[in-house]
């Protein structure tokens with residue numbers, strides 16, 4: 001059964017997660033600017049800006065998108081949990097879904113760490129049911145490397161998972 005302490009913990013956890021994602025994705029120029037220097041920054045707006053996409057930017061954007069989807073889903077489930085109109089069965093289902101979302105997030109982080117430790121490659125992992133999607137940052141697009149990554153991911157599960165590996169440069 002869910003009590004008020006659990007609901008407050010989940011609410012505060014979600015708030016902290018959203019704020020930390022916001023802080024990480026916030027441009028560093030906002031953190032470094034001083035309050036008295038607004039005229040120089042407005043004069044530079046008309047200059048051409050070259051944007052280089054860094055390897056970690058792709059992974060960061062995938063993680064932020066995934067976290068945002070997870071937060072929206074958790075928020076909807078928390079609305080069900082806190083609603084007085086929801087039945088006990090709906091509340092239990094919502095709680096179980098929140099629990100499974102948190103377990104999936106833990107599995108994803110574990111697999112990312114395993115790929116980093118084993119192959120020295122940064123990656124993004126998304127687990128959805130029996131499907132695992134892996135995006136790897138690598139210049140070499142080797143089928144044997146992809147096969148090894150698939151085997152490494154499959155070794156974490158007892159049942160057969162459908163693993164897909166995509167390489168990004």
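On the stretch given as the stretch 77-98, residues that are free of Cβ contacts under 8 Å to residues at least 40 places away in the same chain and surrounded by 12 or more Cβ atoms within 10 Å (Cβ to Cβ) total 9. Restricting the stretch 121-148 to residues that are part of a strand (DSSP E or B), crowded, with 16+ Cβ neighbours inside 10 Å and free of Cβ contacts under 8 Å to residues at least 60 places away in the same chain, the residue that is nearest to the chain's Cα centre (by Cα) is 125. Go through 44, 55, 48 for me and flag whichever is on the phi < 0 side of the Ramachandran plot, more than 15 Å from the chain's Cα centre (by Cα), surrounded by 12 or more Cβ atoms within 10 Å (Cβ to Cβ) and at pLDDT below 65. Selected residue: 55, the only one of 44, 55, 48 that is on the phi < 0 side of the Ramachandran plot, more than 15 Å from the chain's Cα centre (by Cα), surrounded by 12 or more Cβ atoms within 10 Å (Cβ to Cβ) and at pLDDT below 65.
Could you tell me whether residue 118 is part of a helix (DSSP H, G or I), touching a residue at least 12 places away in the same chain (Cβ under 8 Å) and surrounded by fewer than 14 Cβ atoms within 10 Å (Cβ to Cβ)? Yes, satisfied.
Residues that are within 16 Å of the chain's Cα centre (by Cα), modelled with pLDDT of 90 or more and part of a loop (DSSP other than H, G, I, E, B): does the stretch 72-79 have at least one? Break it down into steps so the answer makes sense when it comes.
At the first step, the residues of the stretch 72-79 found to be within 16 Å of the chain's Cα centre (by Cα) are 72-75.
Now narrow it down to the ones that are modelled with pLDDT of 90 or more: 72-75.
If we keep only those that are part of a loop (DSSP other than H, G, I, E, B) as well, we get none.
Looking for residues that are within 16 Å of the chain's Cα centre (by Cα), modelled with pLDDT of 90 or more and part of a loop (DSSP other than H, G, I, E, B), one finds none in the stretch 72-79, hence no.
For the stretch 153-168, state whether one or more residues are surrounded by 12 or more Cβ atoms within 10 Å (Cβ to Cβ) and at pLDDT below 90.
Going through the stretch 153-168, the residues surrounded by 12 or more Cβ atoms within 10 Å (Cβ to Cβ) turn out to be 153-154, 156-157, 161-168.
Those still in the list that are at pLDDT below 90 too: 168.
Taking every residue of the stretch 153-168 in turn, at least one turns out to be surrounded by 12 or more Cβ atoms within 10 Å (Cβ to Cβ) and at pLDDT below 90.
The values are calculated or read from the model by the stated rules, or taken from the named source; none is laboratory data. Computed from a prediction, not measured in an experiment: that's the story for all the values here. Cβ: placed from backbone, ideal geometry, glycine included. Neighbour counts: every protein chain shown.
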